[in-house]
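Please read the structure below before turning to the comments.
The values are calculated or read from the model by the stated rules, or taken from the named source; none is laboratory data. For clarity, every value in this text was computed on a predicted model and none was experimentally measured. So basically every Cβ, Gly included, is an ideal-geometry build from the backbone, and we count neighbours across all protein chains shown. These area figures cover heavy atoms from the full protein model, side chains too; ligands, DNA and RNA do not enter into them. Shrake-Rupley method; radii C 1.70, N 1.55, O 1.52, S 1.80 Å.
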Amino acid sequence: MEIVVFLCENSIEGILTGVYDAWAEALSSGLGHARCRLQTELLQPELFCTYRETAPDMEKAGKVIRTLRKRLGEEVYECLCYAMASREPDKAEAVYKTIVAGLSMKQGYRVLDKVTDPYVARCFDLKRNVGSEIHRELEFLRFQELRSGVLLAKIHPKNDVLMYLGPHFSDRLPLENFLIYDMSRRKALFHEKEKDWYMMEALELDAGKAGRISTEEEYYQDLFRMFCHTIAIESRENRALQRQFLPLYFRDVMPEFA
Amino acid sequence: MRRKNICLIFIKNVDIIEHLFYYISMEREREELSEEKKTEYRTAGSTGEDAEENVESNIEESIEGNIEGDAEETAERNTGYGCREIEERKELPAAGPRSGEALVKEEGGELPVMEKLRILTDAAKYDVACTSSGVERKGSGKGMGNTKLAGICHSFSADGRCISLLKILFTNYCIYDCKYCVNRISNDVERTAFTPEEICSLTMNFYKRNYIEGLFLSSGIIKNPSYTMELIYTAIWKLRNIYRFEGYIHVKAIPGADAEIIYRLGLLADRMSVNLELPTAEGLRNLAPNKNRTTILKPMRQIQNGIVSSKEEVALYRHAPQFVPAGQSTQMIIGATPESDYQIVSVAESLYQKFALKRVFYSAFVRVNEDKTLPALPGGPPLLREHRLYQADFLLRYYGFEAKELLSEERPNFNVLLDPKCDWALRHLELFPVEVNKAPYEVLLRVPGIGVKSAQRIVRGRRLSNLQFDDLKKIGVVLKRALYFICCNGKMMYRTKIEEDYITRNLLDTDNKRPPQPDIINGREVTYKQLSLFDDVTWTRKKLADIR
Ligand code: SF4
């Protein structure tokens, strides 16, 4: 049986465009959704599969977004957004099929309750995973003050969570110029004092300039390191517990562990 | 398919779900950025990063494996304040902060801030409750900071406790002599005090770098409670009004201070707490001669009433000032005095019911002073006991349990091997197994291995389709625990005996909590049923006897 695999760009608008195209194909060709698949990358080509590339198209993605928000509600839409930020290769397929499941229900906003549907369960898993990474970045990300007064944070998240840090930090630091840089994906989130935040891709960080920290920076790092050290109670020491809550993976950017 | 020279702009503020997409060529965007910013932000020379392998935490475990899987999972210890009647009533200065500032000069001293921070952190570290939860507030756009309902931990110290707030004392001078406290007047320790300025700039600079969620300020008592509270007020007033700090602030209310100043401070703080110090009035008499129960409960009641009337006002007038919006908490020391777990849990229960507290914190007693009235603790602070109390506390707050269901006069202490929920279930096997597809939510909550979140998902999921064990696993139920207590569509997961001894043994096996040589306890072989009767207090006593 012939299966059509849509290859889409690995981004929210890419995946949603893919959903749009796959949907159209499933209906028009009479294949049905069962025989359409959505992938962000070409893994191993399989037999009996036709591969089709779809280019991200803002208009199509926008239509899908509007439908999702209207028919499935904000909670489901948010879940899908998180899932699409995942690094897992099967995310596009899980999202696509969850959308199919949701739109086939009368009460689409309840689609996440369909725990018996493997795609929905997968989406939920992905969302949980991404959500917890976002939360960890809110906890463990650290800003350094550069000589120019700009606050710079470098992160290396496993999933593509950078965008989800924007609302939090711009609400919290409205009067600061800050920049969060995703070292793995080479993209950045900017916030200009009293302005909106936005994202940029394909950026390199100038190691020299980014390393020029303000005169006070080291002083506050020292103070905080000393604070963290002093606040621990010796007779309760428990490094394993500390590691459980704060995995080593995050510590390279945290001054208290420098 | 590659997308280059394109960037996304998201409209700020409103949540991610509100975002709008625009395509804009990067070139254009670059032009818009000022020349200076361009060079600042973006250039050549990539930064390599090497990823250490992450220790993925097991979500299923954290949901139910340890009942404290909530954002406030802190477990810490104590200092505290509380006082006798107000000795000398100081004339209150007008609401402004000026007077307080003058007061603090004389205490400030000339130590560098680094030294002060060391001393006043060290003096504050026994205080529990480094949590920043209870209130969701967006920033006004004119200052710095916001607050999140669940709170955020920013680091973890070497003892595994969360660091969420800058937890410091204003000063460690103290006129009182609480036996358990490092700062008591009879101790010969280095003393110092911050100035309000120092507190403000530490808070702002730490916050800006995402080190902390806010400030937790408490203090030893200088001169008298009201005077001390006035100092705290000065610092907090400055922080809120001069520095425009909008993050989380937790302050201690000192028993014996004027109601008026407690009220004023409550309008600036997010959370206030009055320390109960010890579970019973008698314990307090023995270890904290300058404090008494009545003066401690008085401000607690005042804050409770203040919160209620502030909520009513806010309901009427949206912009009415909020009083202690994140609620009130308290803490007590565990193991310095001889109360049983049953007494402690009952005290907590009545604090929740009668004083509407948000949280009660327990702190395993750390023996910092040599004093014959304090118990010796050769095994270190009673951490397991503290842990069990936190678990029980969660059962009271989220799982619908009552203190008298968990313990009784006959069984006054928690089990050393089993958490309180398992322990309860094993003593009520007649209620199990429950049918997952039918049992009411409240009943599901009582099943070991099913937490609040999974119970909710079960209830929502089963409306759409019949659930199987496989689905439960995906939902987050910890099956290796739950399997003894549930069935799906009339069938249990495995053929298993519903028998206390059998289940206890299996549960202890899965948790690897089997004591190394259970059969030698008391010098003879014991069944697991007997084993499950060992509580922490007896167990510790037994171990002590062995040591001797
Ligand atoms: S000695 Fe002073 S600082 Fe210590 S607990 Fe008593 S009142 Fe508080």
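Just a few scattered comments:
- 3J(HN,Hα) from dihedral phi, the stretch B:182-189, Karplus parametrisation 6.51/-1.76/1.60, rounded to Hz, x for glycine, proline: 4, 8, 4, 4, 7, 8, 9, 10
- Length available on full extension from B:L149 to B:A259: 0.36 nm per residue minus the Cα-Cα distance, which gives 36.8 nm.
- Per residue, the solvent-accessible area of chain A (1.4 Å probe, heavy atoms of protein chains only, all protein chains present) comes to 40 Å².
- Inter-part distance, the stretch B:467-514 to the stretch A:174-210, computed on C-alpha centroids, equals 49 Å.
- Label-point gap, in nm, between B:N241 and B:E442 - each point 7 angstrom along Cα→Cβ: 4.9 nm
- Helix A:217-231 and the longest principal axis of the Cα set of chain A meet at an angle near 90°.
- Simple point charges give the picture: +1 on the Cβ of Lys and Arg, -1 on the Cβ of Asp and Glu, and for the stretch A:141-257 a dipole about the Cα centre of about 360 debye.
- Projected onto its three principal axes, the C-alpha set of the stretch A:77-233 covers 60, 43, 28 Å, listed from the longest axis down.
- Rounded to the nearest 10 square angstrom, A:E194 shows an accessible area of 130 square angstrom against a 1.4 Å probe.
- Separation in nanometres of the label points that stand 7 Å from Cα toward Cβ, at B:Q353 and B:Y317: 3.7 nm
- Rounded if a/c under 1.5, otherwise prolate or oblate - the stretch B:420-526, Cα gyration tensor axes: prolate
- Solvent-accessible area lost on pairing A with B (1.4 Å probe, both sides summed) amounts to about 9900 Å².
- Counting only other chain Cβ atoms within 10 Å of each residue's Cβ, the peptide A:236-243 averages 6.
- B:D423 accessible area, assembled protein chains, probe 1.4 Å, Å²: 10 Å²
- Student exercise, the stretch A:3-133 dipole from Lys, Arg, Asp, Glu Cβ charges, in Debye to nearest 20: 540 debye
- Check: the stretch B:153-295 dipole with +1 on Lys, Arg Cβ and -1 on Asp, Glu Cβ, in debye: 120 debye
- In this view, the solvent-accessible surface of B:K142, computed with a 1.4 Å probe and all protein chains in place, comes to about 140 Å².
- Rounded to the nearest 10 degrees, the inclination of helix A:12-28 to the longest alpha-carbon principal axis of chain A is 10 degrees.
- Ordered from highest to lowest accessible area with the whole protein assembly present and a 1.4 Å probe, A:F257, B:F469 read as A:F257, B:F469.
- Inter-chain shielding of A:179-186 (mean C-beta neighbours from other protein chains, 10 Å cut-off): 2
- Dipole of chain A, positive direction: furthest Cα of A:P89, A:C8, A:C79, with charges on the beta-carbon: A:C79
- Average Cα contact separation per residue, the stretch A:1-160, under 8 Å, 6 or more apart, as relative contact order %: 21 percent
- Residues B:T496 and A:D90, FRET efficiency given R0 of 30 Å [Cβ-Cβ distance, rounded to 0.05]: 0.30
- The share of accessible area on the stretch A:1-108 that comes from carbon and sulfur is 52 percent, using a 1.4 angstrom probe.
- Probe 1.4 Å, accessible area per residue of the stretch B:420-526, Å²: 49 Å²
- Largest to smallest in accessible area, the residues A:V120, B:V368, B:V308 fall in the order B:V308, B:V368, A:V120 (1.4 Å probe, all protein chains included).
- Cα shape, the stretch A:3-133, gyration tensor, a/c 1.5 rule: rounded
- Shown are B:Y399, B:Y352, B:Y494, A:Y219, whose ranking by accessible area with a 1.4 Å probe and every protein chain present, most to least, is B:Y494, A:Y219, B:Y352, B:Y399.
- Other protein chain Cβ atoms within 10 Å, averaged over every residue that makes up A:217-226: 4
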